[in-house]
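Have a look at the structure below, then the notes.
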Amino acid sequence: MSSSIFRDSLLGGKVAVITGGGSGINLGIAKRFAEHKARVVLIGRKQEKLDAAIAEITAAGGVAMGLSADVRDFAALGIVFAKTREAYGEIDIVICGAAGNFPAPAIGMSANAFKAVVDIDLLGTFNTCRAAYEHLRKPGASIINISAPQALAPMLFQSHVCAAKAGVDMITRTLAMEWGPTGVRVNSIVPGPTADTEGMRRLAPSPESAEKLKQFVPLQRFGTKDELADLAVFLCSDAAAYITGAVVLCDGGQSLVGSGVWTQALMGK
Ligand code: HXC
């Protein structure tokens with residue numbers, strides 16, 4: 001069991017669906033939600049990865065299942081949400097976490113490469129929110145879109161992710177307005193540099209670039225998946241009942257310093 005700042009189970013009786021839930025930040029959130037007594041459904045492209053994640057969660061006493069679907073496939077998401085509702089009932093929480101990224105200059109990227117990331121990150125987020133809507137418990141449901149620092153400031157070699165994640169935050173704000181009257185809350189989480197994630201392995205691949213980056217974070221370290229998971233628990237709990245349309249940073253203050261530090265990491269300086 002990972003360490004949480006919360007002592008009590010805050011999500012008892014809730015049903016949570018998490019895209020990209022088979023690994024990384026999203027799996028961290030899934031594990032924490034299960035510890036807080038939510039029933040969790042992991043969505044991902046690879047069933048074997050989901051199976052391994054489900055085995056971990058259930059071995060720790062959680063209730064979980066994995067359903068394979070690509071967030072680029074709206075029809076497949078419709079099936080997954082219908083199956084979730086059939087098994088667990090109305091859905092209380094949706095985490096739109098599926099994402100793709102690779103560092104590349106625009107000139108080194110085909111149109112299809114740019115599109116691949118926009119399709120997963122931006123369209124995938126819309127598809128997930130849209131497919132979930134009719135299955136959400138209303139009022140009371142909470143959606144979290146996982147954004148990125150690239151939504152807030154431009155970053156070299158990240159034109160696709162910057163465009164997609166800025167769009168994700170605007171989906172958050174727009175749906176918060178459109179769906180607020182039905183009692184559905186929609187927020188974004190912006191993870192900063194987070195230890196032991198695929199994103200960091202791609203953006204700061206060498207130990208030197210990672211160390212350099214840390215020096216520019218006001219809190220002087222990378223964040224942890226547990227810290228992000230606790231923020232997600234808070235935002236989905238009744239403690240955050242009046243918070244919607246927010247883009248919440250969990251980045252040790254890194255965004256205050258600017259995106260130049262990421263550029264240095266990406267250029268190996
Ligand atoms: C240039 C590249 C490339 C690279 C792929 N492409 N990698 N172009 N440089 N390094 C091109 C391919 O040549 C192809 O274009 C197009 O992108 C699509 O590639 P496919 O492999 O066919 O697509 P697909 O199988 O759908 O894979 C999507 C992917 C892949 C995004 C390219 O990396 C992926 O599945 N990633 C998921 C896991 C992941 O990215 N995790 C990190 C998430 S972190 P052509 O023209 O040849 O067809 C994150 C947070 C960011 O997102 C924030 C961190 C702080």
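Things worth noting here:
- On the beta carbon distance between K212 and D238, with R0 = 51 Å, the FRET formula returns roughly 0.80.
- Between the listed residues N127, L175, T194, the Cα displaced farthest toward the positive end of the dipole of segment 113-194, a dipole computed from Cβ unit charges relative to the Cα centre, is found at L175.
- Values of log10 I(q)/I(0) for segment 142-269 across q = 0.13, 0.22 Å⁻¹ run -0.54, -1.26, by the Debye formula with one identical scatterer at each alpha carbon and no solvent.
- The Rg/Rh ratio for segment 1-80 is 0.98, where Rg is the radius of gyration of the alpha carbons and Rh is the Kirkwood radius.
- Cα shape, segment 138-186, gyration tensor, a/c 1.5 rule: prolate
- Rounded, prolate or oblate (a/c below 1.5 giving rounded, otherwise prolate when a/b exceeds b/c) for segment 55-204 by Cα gyration tensor: prolate
- Gain on full stretching of the segment that runs from D226 to T263 - 0.36 nm per residue minus C-alpha separation: 10.7 nm
- Counted residue by residue at 0.36 nm each, then reduced by the alpha carbon distance between them, the extension gain from F6 to L256 reaches 87.2 nm.
- Ranked for footprinting exposure by Cβ neighbours inside 10 Å, fewest first, T244, T19, T58, T224 give T58, T224, T244, T19.
- Convex hull of alpha carbon positions in segment 179-248: directionally averaged projected area 5.6 nm².
- A59/A87 FRET efficiency (R0 25 Å; Cβ-Cβ; nearest 0.05): 0.80
- Fully extending the segment from A153 to K37 would add 38.1 nm, taking 0.36 nm per residue of separation and subtracting the current Cα-Cα distance.
- Label-to-label distance for E178 and F74 is 1.1 nm, based on points extended 7 Å past Cα in the beta-carbon direction.
- Sites L219 and A106 - FRET efficiency at Förster radius 30 Å, r taken between beta-carbons, to 0.05: 0.40
- Lysine pair count for the chain (Cα-Cα distance under 22 Å; residues 8 or more apart in sequence or on different chains): 24.
- For the chain, taking the reciprocal of the average inverse distance between every pair of different Cα atoms yields a Kirkwood hydrodynamic radius of 18.5 Å.
- Set against the 2.2 N^0.38 Å expectation for a compact globular protein, segment 38-95 has a Cα radius of gyration ratio of 1.09.
None of the figures in this text is laboratory data; all of them are computed from the coordinates on show. Quantities reported herein were computed from a predicted structural model and do not represent experimental measurements. Cβ sites come from the backbone with ideal geometry, for glycine too, and all protein chains shown count toward neighbours.
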